[in-house]
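Notes follow the structure.
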Amino acid sequence: MAAPETQGAAARGEEDCKSNHSESGSVSYEDSKDCILEPLSLPESPGGTTALEGSPSVPCIFCEEHFPMDEQDKLLKHMIIEHKMVIADVKLVADFQRYILYWRKRFTEQPVTDFCSVIRINSTAPLEEQDNYFLLCDVLPEDRVLREELQKQRLKEILEQQQQERNDNSFHGICMFCNEEFFGNRSVLLNHMAREHAFNIGLPDNIVNCNEFLCTLQKKLDNLQCLYCEKTFRDKNTLKDHMRKKQHRRINPKNREYDRFYVINYLELGKSWEEVQLEDDRELLDHQEDDWSDWEERPDSAVCLFCEKQAETIEKLCVHMEEAHDFDLLKIKSELGLNFYQQVKLVNFIQRQIHQCRCYSCHVKFKSKAELRTHMEETKHTSLLPERKIWDQPEYYFPTYENDILLCTLSDSESDLTAQEQNGNITIISEDTSKLHALKQTSILNQLLLHEGLKN
């Protein structure tokens, strides 16, 4: 919390800011909203947060204007409009206040053009309509070194704060969901909310400024706001029911407001936790060895044509379908002499009819699969297949269900081939006799005849 002197300075700076603009007659911030410079971009406001009373202020690099820390976008807009100054990648600056104070001092020692790139706009217009803007970015070695030093200093401060919180046993907090009080270490409360209320904001050792984090979340709940979808509700009971039923007892990962409470976001300049984690995953993939010794193959199961029953082998599944549904797939395959592709079409046809709650024998449609099963079992329609021309169609080559294991277990056995041969269903593909003379010269029969002649 800021000292009283700092609070007073911030308040006086804000009043000076308003009075200077009203007296000088310069462009007000309300009027400047319509002033858009296409080549330039302003940083987004930090996640809908409001200015806290007594927050530290930051001065303009060039003048005596002061702005609250959490309204730095207004300071940046002021510097663009009033002083033609643009700071590149301002979101990557670890300590904005120290950064501004450093360059404020340096600009009093040397001209701005010694540090900044000059961008001329309207260069083809008359001279009086042209204007110069100054770009301060990390292409300048001094700016790059400054940003890195600020990042290291911030990381050091964060790690010290984290270590202090880890060793602190004087913590006192109240659960946001059951109002139970906890004393000792912060991990007691965080583990309680994760275990009892399925509200997990991360491991305690990965969190910094825990008290502020919990206060931020509590404030949102007090304002009847869901922590995940961030919608506002009319009362606490409605909010609780919503978060429980929708499984919204978690924070919104896309809300950048929470980034400052996780140590990983301070590890590397200009990288969020998502980018750091992605790099770690890639490094793991690049260096992993092809060791499959601990691989445990999970057995796949085929699903019954009529219910949700699963079996690891087609034999067990066929036994189930025969006993529970009076449907003998192996018998049907043998009697009709079905080859592999005909079995596929029959299975896909039956699955599609069952999925549509339609009896494939009498074509009556039902409201549910349960009613359909009852009808087919009572009327013995499971074993009464329609004419072959109805299901033996090309459209049933395409599976009804994705990754259907049953289709993979279908096969042509030797007995099936014998039955097909008797029925005359085997397709014979003749040899190419267009080059009969060459075929005779290269035929293996010539060698066999020669071998027999030598014997005789």
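Can you tell me how many residues in segment 171-227 are under 20 Å from residue 237 (Cα atoms) and basic (Lys, Arg)? Result for segment 171-227: 2. For residue 238, are the conditions met, namely being β-branched (Val, Ile, Thr), more than 30 Å from residue 160 (Cα to Cα) and open to solvent by 90 Å² or more (accessible area, probe 1.4 Å)? So residue 238 does not fit the description; no. Give me the residue from segment 389-400 that is open to solvent by less than 90 Å² (accessible area, probe 1.4 Å) and either touching a Leu at 6+ places or on another chain (Cβ under 8 Å) or part of a loop (DSSP other than H, G, I, E, B) (or both) and, out of that set, farthest from residue 324 (Cα to Cα). Once the filter is applied, the top-ranked residue is 393. The C-beta contact set for segment 159-179 (first residue within 14 Å of residue 213 (Cβ to Cβ), second residue of a type in the set (Phe, Trp, Tyr) and open to solvent by 80 Å² or more (accessible area, probe 1.4 Å), distance under 8 angstrom, 6+ apart or interchain) comprises 171/183. Which one is most open to solvent (accessible area, probe 1.4 Å), of the residues in segment 317-343 that are in a helix (DSSP H, G or I) and more than 21 Å from residue 302 (Cα to Cα)? Among those residues, the one meeting the criterion is 335. The condition of being open to solvent by 20 Å² or more (accessible area, probe 1.4 Å), closer than 27 Å to residue 159 by Cβ, of a type outside the set (A, V, I, L, M, F, W, C) and in contact (Cβ under 8 Å) with a residue 40 or more places away in the chain holds for only one of 200, 191, that being 200.
Here is a yes/no grid of residues against (1) in contact with a strand residue (DSSP E or B) (Cβ under 8 Å, 6 or more places away or on another chain); (2) at pLDDT below 90:
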| position | (1), (2) |
| --- | --- |
| 291 | no, yes |
| 297 | no, yes |
| 300 | no, yes |
| 305 | no, yes |
| 309 | yes, yes |
| 316 | no, yes |
| 333 | no, yes |
| 342 | no, yes |
| 366 | yes, no |
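Residues of segment 140-161 that are more than 17 Å from residue 105 (Cα to Cα) and surrounded by 19 or more Cβ atoms within 10 Å (Cβ to Cβ): 151, 158. Restricting segment 344-387 to residues that are more than 43 Å from the chain's Cα centre (by Cα) and among the polar types (S, T, N, Q) leaves a set whose member that is surrounded by the most Cβ atoms within 10 Å (Cβ to Cβ) is 382. Taken over segment 172-188, the residue count meeting the criterion of being within 21 Å of residue 230 (Cβ to Cβ) and open to solvent by 60 Å² or more (accessible area, probe 1.4 Å) is 0.
Residues that are farther than 29 Å from residue 95 by Cα, modelled with pLDDT under 85 and assigned to a helix (DSSP H, G or I) do occur in segment 245-255. Within the bounds of segment 103-111, is there any residue that is of a type outside the set (Phe, Trp, Tyr), surrounded by fewer than 18 Cβ atoms within 10 Å (Cβ to Cβ) and not in a helix (DSSP H, G or I)? Checked segment 103-111: at least one residue is of a type outside the set (Phe, Trp, Tyr), surrounded by fewer than 18 Cβ atoms within 10 Å (Cβ to Cβ) and not in a helix (DSSP H, G or I). Given the criteria within 22 Å of residue 259 (Cα to Cα) and at pLDDT below 90, does residue 56 qualify? Considered against the rule, which asks whether it is within 22 Å of residue 259 (Cα to Cα) and at pLDDT below 90, residue 56 comes out as yes.
The values are calculated or read from the model by the stated rules, or taken from the named source; none is laboratory data. Just so it is clear, the structure is predicted and the values come from calculations on it, not from any experiment. Note: ideal-geometry Cβ built from the backbone for every residue, glycine included; neighbour counts use all protein chains shown. What goes into the accessible areas is simple: the full protein's heavy atoms, side chains included, and nothing from ligands, DNA or RNA. Shrake-Rupley method; radii C 1.70, N 1.55, O 1.52, S 1.80 Å.
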